[in-house]
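Data block below; observations after.
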Amino acid sequence: MPYILRLLRTWKLPVAMLCGVLLYFLFEAAIPETETKESCYYSISHFIQPALIFCMLFLSFLKVRPHDLRPHRWHGVLLLIQGLLFVIASLMAYFSQKYISDLWWALLFEGAMLCFICPTATASAVIVQKLGGSLSGVVTYIVLCNLMVSLLAPGFLTLVEPHDGMTFLTEFFMIMGKVFPLLLCPLFVALCVRHYTPHLMDYMLRIRDLAFYLWLFALAFAIMVTVRTIVETQIPVSILMAFAFVSMLCCCLQFYLGRRIGLRWQQPETLSDVSEEKSDGHKLLPSAERSAITAGQAFGQKNTVFIIWMGLVFLNPVTSVVGGFYSIWHNVINSWQLAKKSKERH
(Lines give C-alpha, C1' and ligand atoms only; values in the text may rest on other atoms or scores of the structure.)
Protein backbone atom coordinates (compact mmCIF):
# COMPACT_ATOMS: atom_id res chain seq x y z
CA MET A 1 0.00 0.00 0.00
CA PRO A 2 2.77 2.59 0.81
CA TYR A 3 4.34 1.79 -2.59
CA ILE A 4 1.01 2.39 -4.39
CA LEU A 5 0.47 5.70 -2.55
CA ARG A 6 4.01 6.80 -3.40
CA LEU A 7 3.41 5.83 -7.03
CA LEU A 8 0.17 7.84 -7.11
CA ARG A 9 1.93 10.88 -5.61
CA THR A 10 4.70 10.64 -8.21
CA TRP A 11 2.35 10.26 -11.18
CA LYS A 12 -0.47 12.61 -10.12
CA LEU A 13 -0.90 14.10 -13.59
CA PRO A 14 -1.34 10.82 -15.52
CA VAL A 15 -3.80 9.68 -12.83
CA ALA A 16 -5.78 12.91 -13.22
CA MET A 17 -5.72 12.52 -17.02
CA LEU A 18 -6.92 8.90 -16.76
CA CYS A 19 -9.71 10.05 -14.42
CA GLY A 20 -10.72 12.60 -17.06
CA VAL A 21 -10.99 9.85 -19.71
CA LEU A 22 -13.03 7.66 -17.37
CA LEU A 23 -15.25 10.62 -16.45
CA TYR A 24 -16.18 11.09 -20.10
CA PHE A 25 -17.30 7.47 -20.57
CA LEU A 26 -19.10 7.36 -17.20
CA PHE A 27 -20.80 10.65 -18.06
CA GLU A 28 -21.93 9.34 -21.44
CA ALA A 29 -23.28 6.15 -19.90
CA ALA A 30 -25.01 7.84 -16.96
CA ILE A 31 -26.73 10.66 -18.89
CA PRO A 32 -28.33 9.45 -22.14
CA GLU A 33 -30.47 12.58 -22.70
CA THR A 34 -28.75 14.92 -25.15
CA GLU A 35 -30.13 18.17 -23.72
CA THR A 36 -29.17 17.29 -20.14
CA LYS A 37 -25.75 16.19 -21.30
CA GLU A 38 -25.15 19.45 -23.19
CA SER A 39 -26.28 21.43 -20.15
CA CYS A 40 -23.81 19.57 -17.93
CA TYR A 41 -20.92 20.10 -20.37
CA TYR A 42 -21.84 23.79 -20.57
CA SER A 43 -21.75 24.06 -16.77
CA ILE A 44 -18.35 22.37 -16.62
CA SER A 45 -16.74 24.56 -19.31
CA HIS A 46 -18.40 27.86 -18.37
CA PHE A 47 -18.63 27.69 -14.57
CA ILE A 48 -16.66 24.89 -12.90
CA GLN A 49 -13.42 25.20 -14.90
CA PRO A 50 -13.32 29.04 -14.76
CA ALA A 51 -13.96 28.91 -10.99
CA LEU A 52 -11.08 26.46 -10.48
CA ILE A 53 -8.77 28.55 -12.69
CA PHE A 54 -9.76 31.71 -10.78
CA CYS A 55 -8.89 30.07 -7.45
CA MET A 56 -5.56 28.72 -8.79
CA LEU A 57 -4.55 32.10 -10.18
CA PHE A 58 -5.65 33.89 -7.02
CA LEU A 59 -3.47 31.64 -4.85
CA SER A 60 -0.53 32.01 -7.25
CA PHE A 61 -0.85 35.80 -7.38
CA LEU A 62 -0.89 35.93 -3.56
CA LYS A 63 2.65 34.54 -3.58
CA VAL A 64 4.00 37.19 -5.97
CA ARG A 65 5.09 40.61 -4.79
CA PRO A 66 3.77 43.31 -7.19
CA HIS A 67 7.28 44.79 -7.37
CA ASP A 68 8.59 41.51 -8.86
CA LEU A 69 6.15 41.58 -11.81
CA ARG A 70 8.54 43.22 -14.26
CA PRO A 71 9.73 42.11 -17.73
CA HIS A 72 13.12 40.51 -18.30
CA ARG A 73 15.00 39.99 -21.53
CA TRP A 74 13.76 36.44 -22.05
CA HIS A 75 10.17 37.72 -22.02
CA GLY A 76 10.85 39.92 -25.04
CA VAL A 77 12.74 37.19 -26.92
CA LEU A 78 9.97 34.63 -26.34
CA LEU A 79 7.23 37.07 -27.40
CA LEU A 80 9.16 37.88 -30.59
CA ILE A 81 9.66 34.19 -31.49
CA GLN A 82 6.04 33.32 -30.65
CA GLY A 83 4.82 36.15 -32.87
CA LEU A 84 7.14 35.14 -35.74
CA LEU A 85 6.10 31.48 -35.62
CA PHE A 86 2.43 32.52 -35.71
CA VAL A 87 2.99 34.89 -38.65
CA ILE A 88 4.90 32.22 -40.62
CA ALA A 89 2.17 29.60 -39.98
CA SER A 90 -0.52 32.14 -40.94
CA LEU A 91 1.18 32.99 -44.24
CA MET A 92 1.64 29.27 -45.00
CA ALA A 93 -2.08 28.70 -44.36
CA TYR A 94 -3.02 31.69 -46.53
CA PHE A 95 -0.83 30.64 -49.50
CA SER A 96 -1.90 27.00 -49.14
CA GLN A 97 -5.51 28.07 -49.62
CA LYS A 98 -4.59 30.08 -52.72
CA TYR A 99 -2.15 27.77 -54.48
CA ILE A 100 -2.75 24.20 -53.20
CA SER A 101 -5.96 22.44 -54.18
CA ASP A 102 -5.87 20.12 -51.14
CA LEU A 103 -7.76 21.90 -48.32
CA TRP A 104 -6.25 19.72 -45.61
CA TRP A 105 -2.79 21.30 -45.96
CA ALA A 106 -4.28 24.70 -45.19
CA LEU A 107 -6.14 23.24 -42.21
CA LEU A 108 -2.95 21.72 -40.80
CA PHE A 109 -1.22 25.10 -41.04
CA GLU A 110 -4.25 26.69 -39.34
CA GLY A 111 -3.82 24.14 -36.55
CA ALA A 112 -0.17 25.19 -36.21
CA MET A 113 -1.33 28.84 -36.10
CA LEU A 114 -3.51 28.07 -33.09
CA CYS A 115 -0.72 26.19 -31.30
CA PHE A 116 1.71 29.08 -31.73
CA ILE A 117 -0.53 32.06 -30.97
CA CYS A 118 -2.37 30.51 -28.02
CA PRO A 119 -1.53 32.32 -24.76
CA THR A 120 0.25 30.62 -21.90
CA ALA A 121 -1.95 28.48 -19.66
CA THR A 122 -2.80 30.17 -16.38
CA ALA A 123 -2.15 26.79 -14.72
CA SER A 124 1.51 27.03 -15.80
CA ALA A 125 2.11 29.09 -12.65
CA VAL A 126 1.21 26.00 -10.58
CA ILE A 127 3.59 23.71 -12.50
CA VAL A 128 6.42 26.28 -12.41
CA GLN A 129 6.18 26.38 -8.61
CA LYS A 130 6.34 22.58 -8.36
CA LEU A 131 9.36 22.40 -10.68
CA GLY A 132 11.27 25.17 -8.89
CA GLY A 133 10.97 27.92 -11.52
CA SER A 134 10.23 31.61 -11.08
CA LEU A 135 6.58 32.31 -10.25
CA SER A 136 6.95 36.05 -10.84
CA GLY A 137 8.60 35.38 -14.21
CA VAL A 138 5.82 33.15 -15.55
CA VAL A 139 3.03 35.41 -14.21
CA THR A 140 4.61 38.38 -15.98
CA TYR A 141 4.79 36.41 -19.23
CA ILE A 142 1.15 35.33 -18.90
CA VAL A 143 0.06 38.98 -18.78
CA LEU A 144 2.37 40.08 -21.64
CA CYS A 145 1.48 37.08 -23.81
CA ASN A 146 -2.26 37.67 -23.48
CA LEU A 147 -1.76 41.29 -24.49
CA MET A 148 0.31 40.26 -27.54
CA VAL A 149 -2.30 37.68 -28.60
CA SER A 150 -5.06 40.29 -28.42
CA LEU A 151 -3.07 42.69 -30.63
CA LEU A 152 -1.52 40.26 -33.14
CA ALA A 153 -4.11 37.52 -33.67
CA PRO A 154 -7.07 39.49 -35.13
CA GLY A 155 -5.20 40.76 -38.20
CA PHE A 156 -3.97 37.34 -39.33
CA LEU A 157 -7.12 35.45 -38.37
CA THR A 158 -9.16 37.72 -40.65
CA LEU A 159 -6.55 37.23 -43.41
CA VAL A 160 -6.68 33.42 -43.29
CA GLU A 161 -10.43 32.94 -42.68
CA PRO A 162 -12.37 36.16 -43.39
CA HIS A 163 -15.88 36.30 -41.88
CA ASP A 164 -18.70 38.66 -42.77
CA GLY A 165 -18.99 41.30 -40.06
CA MET A 166 -15.74 40.17 -38.39
CA THR A 167 -13.41 43.17 -38.51
CA PHE A 168 -10.09 43.59 -36.73
CA LEU A 169 -11.75 45.50 -33.88
CA THR A 170 -14.53 42.92 -33.54
CA GLU A 171 -12.05 40.09 -33.16
CA PHE A 172 -9.80 42.21 -30.93
CA PHE A 173 -12.57 42.87 -28.40
CA MET A 174 -13.80 39.25 -28.59
CA ILE A 175 -10.32 37.94 -27.75
CA MET A 176 -9.78 40.59 -25.04
CA GLY A 177 -13.13 39.68 -23.51
CA LYS A 178 -12.17 36.01 -23.49
CA VAL A 179 -8.68 36.19 -21.98
CA PHE A 180 -8.44 39.22 -19.71
CA PRO A 181 -11.39 39.02 -17.26
CA LEU A 182 -10.23 35.64 -15.92
CA LEU A 183 -6.66 36.96 -15.76
CA LEU A 184 -7.15 40.41 -14.23
CA CYS A 185 -9.93 39.65 -11.72
CA PRO A 186 -7.90 37.20 -9.59
CA LEU A 187 -4.91 39.56 -9.80
CA PHE A 188 -7.03 42.45 -8.51
CA VAL A 189 -8.54 40.33 -5.70
CA ALA A 190 -5.08 39.04 -4.71
CA LEU A 191 -3.69 42.60 -4.53
CA CYS A 192 -6.62 43.66 -2.35
CA VAL A 193 -6.15 40.70 0.02
CA ARG A 194 -2.38 41.28 0.16
CA HIS A 195 -2.87 44.96 1.00
CA TYR A 196 -5.94 44.96 3.29
CA THR A 197 -6.02 41.51 4.94
CA PRO A 198 -2.43 40.20 5.23
CA HIS A 199 -3.47 37.78 8.01
CA LEU A 200 -5.92 36.10 5.63
CA MET A 201 -3.17 35.90 3.01
CA ASP A 202 -0.79 34.23 5.49
CA TYR A 203 -3.46 31.73 6.48
CA MET A 204 -4.24 30.79 2.86
CA LEU A 205 -0.58 30.42 1.94
CA ARG A 206 -0.02 28.02 4.83
CA ILE A 207 -2.19 25.45 2.99
CA ARG A 208 0.58 23.80 0.96
CA ASP A 209 -0.02 22.70 -2.65
CA LEU A 210 -3.68 23.81 -2.60
CA ALA A 211 -3.38 25.44 -6.03
CA PHE A 212 -1.76 22.30 -7.43
CA TYR A 213 -4.54 19.98 -6.25
CA LEU A 214 -7.18 22.38 -7.54
CA TRP A 215 -5.39 22.17 -10.87
CA LEU A 216 -5.56 18.35 -10.82
CA PHE A 217 -9.36 18.61 -10.64
CA ALA A 218 -9.34 21.20 -13.45
CA LEU A 219 -7.08 18.90 -15.50
CA ALA A 220 -9.48 15.96 -15.12
CA PHE A 221 -12.35 18.11 -16.40
CA ALA A 222 -10.19 19.47 -19.23
CA ILE A 223 -9.25 15.96 -20.38
CA MET A 224 -12.91 14.96 -20.16
CA VAL A 225 -13.84 17.78 -22.57
CA THR A 226 -10.81 16.96 -24.75
CA VAL A 227 -11.86 13.31 -25.12
CA ARG A 228 -15.35 14.43 -26.07
CA THR A 229 -13.95 16.79 -28.73
CA ILE A 230 -11.84 14.01 -30.28
CA VAL A 231 -14.37 11.14 -29.99
CA GLU A 232 -17.36 13.08 -31.35
CA THR A 233 -15.57 14.72 -34.29
CA GLN A 234 -16.48 13.63 -37.82
CA ILE A 235 -12.93 14.07 -39.15
CA PRO A 236 -11.34 11.04 -40.89
CA VAL A 237 -8.85 9.12 -38.73
CA SER A 238 -5.95 9.92 -41.07
CA ILE A 239 -6.57 13.66 -40.67
CA LEU A 240 -6.94 13.26 -36.91
CA MET A 241 -3.51 11.63 -36.83
CA ALA A 242 -2.10 14.49 -38.89
CA PHE A 243 -3.54 17.03 -36.42
CA ALA A 244 -2.10 14.99 -33.54
CA PHE A 245 1.35 15.04 -35.19
CA VAL A 246 1.22 18.80 -35.88
CA SER A 247 0.21 19.58 -32.30
CA MET A 248 2.92 17.28 -30.90
CA LEU A 249 5.55 18.91 -33.12
CA CYS A 250 4.47 22.42 -32.08
CA CYS A 251 4.36 21.43 -28.40
CA CYS A 252 7.85 19.87 -28.33
CA LEU A 253 9.31 22.75 -30.36
CA GLN A 254 7.94 25.38 -27.98
CA PHE A 255 9.09 23.58 -24.83
CA TYR A 256 12.55 23.15 -26.37
CA LEU A 257 12.87 26.75 -27.55
CA GLY A 258 11.57 28.05 -24.23
CA ARG A 259 14.19 26.14 -22.26
CA ARG A 260 17.02 27.20 -24.61
CA ILE A 261 16.01 30.85 -24.39
CA GLY A 262 15.72 30.63 -20.59
CA LEU A 263 19.24 29.21 -20.41
CA ARG A 264 20.59 31.90 -22.74
CA TRP A 265 18.91 34.92 -21.07
CA GLN A 266 18.72 34.16 -17.39
CA GLN A 267 16.41 35.90 -14.95
CA PRO A 268 17.88 37.04 -11.62
CA GLU A 269 16.14 35.73 -8.53
CA THR A 270 13.41 37.86 -6.96
CA LEU A 271 12.18 38.15 -3.38
CA SER A 272 9.04 36.22 -4.41
CA ASP A 273 11.18 33.31 -5.64
CA VAL A 274 13.26 33.24 -2.45
CA SER A 275 10.22 33.33 -0.15
CA GLU A 276 8.49 30.63 -2.24
CA GLU A 277 11.47 28.29 -1.96
CA LYS A 278 11.70 28.85 1.80
CA SER A 279 8.01 28.06 2.28
CA ASP A 280 8.37 24.96 0.08
CA GLY A 281 11.33 23.75 2.12
CA HIS A 282 13.60 23.14 -0.89
CA LYS A 283 16.85 24.73 -2.02
CA LEU A 284 16.69 27.54 -4.58
CA LEU A 285 17.76 26.23 -8.00
CA PRO A 286 20.64 27.83 -9.91
CA SER A 287 19.63 30.83 -12.01
CA ALA A 288 20.12 29.02 -15.35
CA GLU A 289 17.92 26.02 -14.47
CA ARG A 290 15.27 28.20 -12.83
CA SER A 291 15.05 30.41 -15.93
CA ALA A 292 14.98 27.38 -18.27
CA ILE A 293 12.06 25.85 -16.33
CA THR A 294 10.14 29.13 -16.28
CA ALA A 295 10.63 29.97 -19.96
CA GLY A 296 9.95 26.38 -21.05
CA GLN A 297 6.60 26.29 -19.25
CA ALA A 298 5.71 29.83 -20.34
CA PHE A 299 6.26 28.92 -24.00
CA GLY A 300 5.12 25.29 -24.04
CA GLN A 301 2.14 25.02 -21.69
CA LYS A 302 -0.88 26.51 -23.47
CA ASN A 303 -4.45 27.51 -22.68
CA THR A 304 -5.94 24.68 -24.74
CA VAL A 305 -9.53 25.72 -24.00
CA PHE A 306 -8.65 28.96 -25.79
CA ILE A 307 -7.27 27.01 -28.77
CA ILE A 308 -10.56 25.14 -29.11
CA TRP A 309 -12.61 28.33 -28.78
CA MET A 310 -10.50 30.25 -31.30
CA GLY A 311 -10.67 27.41 -33.83
CA LEU A 312 -14.46 27.19 -33.53
CA VAL A 313 -15.05 30.96 -33.76
CA PHE A 314 -12.37 32.37 -36.09
CA LEU A 315 -11.02 29.52 -38.26
CA ASN A 316 -12.40 26.33 -39.79
CA PRO A 317 -14.12 24.55 -36.85
CA VAL A 318 -12.29 21.33 -37.75
CA THR A 319 -9.05 22.90 -36.47
CA SER A 320 -10.40 23.05 -32.90
CA VAL A 321 -9.43 19.39 -32.45
CA VAL A 322 -5.78 20.54 -32.36
CA GLY A 323 -6.44 22.02 -28.92
CA GLY A 324 -7.54 18.64 -27.62
CA PHE A 325 -4.38 16.93 -28.81
CA TYR A 326 -2.15 19.75 -27.52
CA SER A 327 -3.75 19.33 -24.09
CA ILE A 328 -2.60 15.71 -24.06
CA TRP A 329 0.96 16.43 -25.22
CA HIS A 330 1.78 19.27 -22.84
CA ASN A 331 0.39 17.31 -19.89
CA VAL A 332 2.46 14.27 -20.86
CA ILE A 333 5.55 16.51 -20.78
CA ASN A 334 4.44 18.01 -17.45
CA SER A 335 3.95 14.52 -16.00
CA TRP A 336 7.44 13.48 -17.04
CA GLN A 337 8.99 16.66 -15.59
CA LEU A 338 7.16 16.32 -12.26
CA ALA A 339 8.05 12.63 -11.95
CA LYS A 340 11.69 13.43 -12.67
CA LYS A 341 11.63 16.23 -10.10
CA SER A 342 10.06 13.95 -7.50
CA LYS A 343 12.77 11.31 -8.01
CA GLU A 344 15.50 13.95 -7.66
CA ARG A 345 14.06 15.12 -4.34
CA HIS A 346 13.86 11.58 -2.95
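A few points about this structure:
- Between the beta carbons of residue 288 and residue 84, assuming R0 = 30 Å, the FRET efficiency works out to 0.75 to the nearest 0.05.
- For region 13-121, the solvent-accessible area works out to 49 Å² per residue, with a probe of 1.4 Å and every protein chain left in place.
- Shape metrics for region 1-139, restricted to C-alpha atoms - Rg then Dmax, Å: 20.6, 61
- Over the chain, the reciprocal of the mean inverse Cα-Cα separation, the Kirkwood hydrodynamic radius, stands at 20.8 Å.
- Long-range HN-HN contacts of residue 134 with modeled amide H, under 5 Å: 294
- Backbone amide hydrogens, once placed in the peptide plane, bring residue 302 within less than 5 Å of 121, excluding anything fewer than 5 places away on its chain.
- Relative contact order, percent, the chain [alpha-carbon distance under 8 Å, six or more residues apart]: 31 percent
- Accessible surface of the chain, 1.4 Å probe, proportion on carbon and sulfur as whole %: 70 percent
- Lys, Arg +1 and Asp, Glu -1 on Cβ, resulting dipole of the chain about Cα centre, debye, nearest 20: 1380 debye
- Considering only 158, 229, 34, the Gaussian network model of the chain with Cα springs below 10 Å gives its largest mean-square fluctuation to 34.
- Mean residue ellipticity, 222 nm, helices only, the chain: the sum of -39500 (n - 2.57) across DSSP H runs of n ≥ 4, divided by residue count and rounded to 500, is -26500 deg cm²/dmol.
- Over 30 Å (Cα to Cα) - which of 63/343; 178/341; 178/340; 63/340 fall in this group: 178/341; 178/340
- For region 169-181, backbone phi angles converted through the Karplus equation (6.51, -1.76, 1.60; θ = phi - 60°) give residue-by-residue couplings of 5, 4, 5, 4, 6, 5, 5, 4, x, 7, 9, 7, x Hz, Gly and Pro being listed as x.
- Overall dimensions of region 15-60 by Cα: Rg and Dmax, Å: 12.9, 39
- With all pairs of different C-alpha atoms in the average, the Kirkwood value for the hydrodynamic radius of region 157-310 is 19.5 Å.
- Separation between Cα centres of region 227-266 and region 56-99, rounded to whole Å: 16 Å
- Cβ crowding within 10 Å averaged over residues, with 245-257, 300-312, 45-57 ranked highest first: 300-312, 245-257, 45-57
- Dividing the alpha-carbon radius of gyration of region 152-197 by the rule-of-thumb value 2.2 N^0.38 Å gives 1.70.
- Between region 190-207 and region 297-346, the alpha-carbon center distance in angstrom: 31 Å
The values are calculated or read from the model by the stated rules, or taken from the named source; none is laboratory data. In this text, all values refer to a predicted model and were calculated from it rather than measured experimentally. Cβ: placed from backbone, ideal geometry, glycine included. Neighbour counts: every protein chain shown. When the accessible area is computed, the model is the full protein with side chains, heavy atoms only, and any ligands, DNA or RNA have been set aside. Shrake-Rupley method; radii C 1.70, N 1.55, O 1.52, S 1.80 Å.
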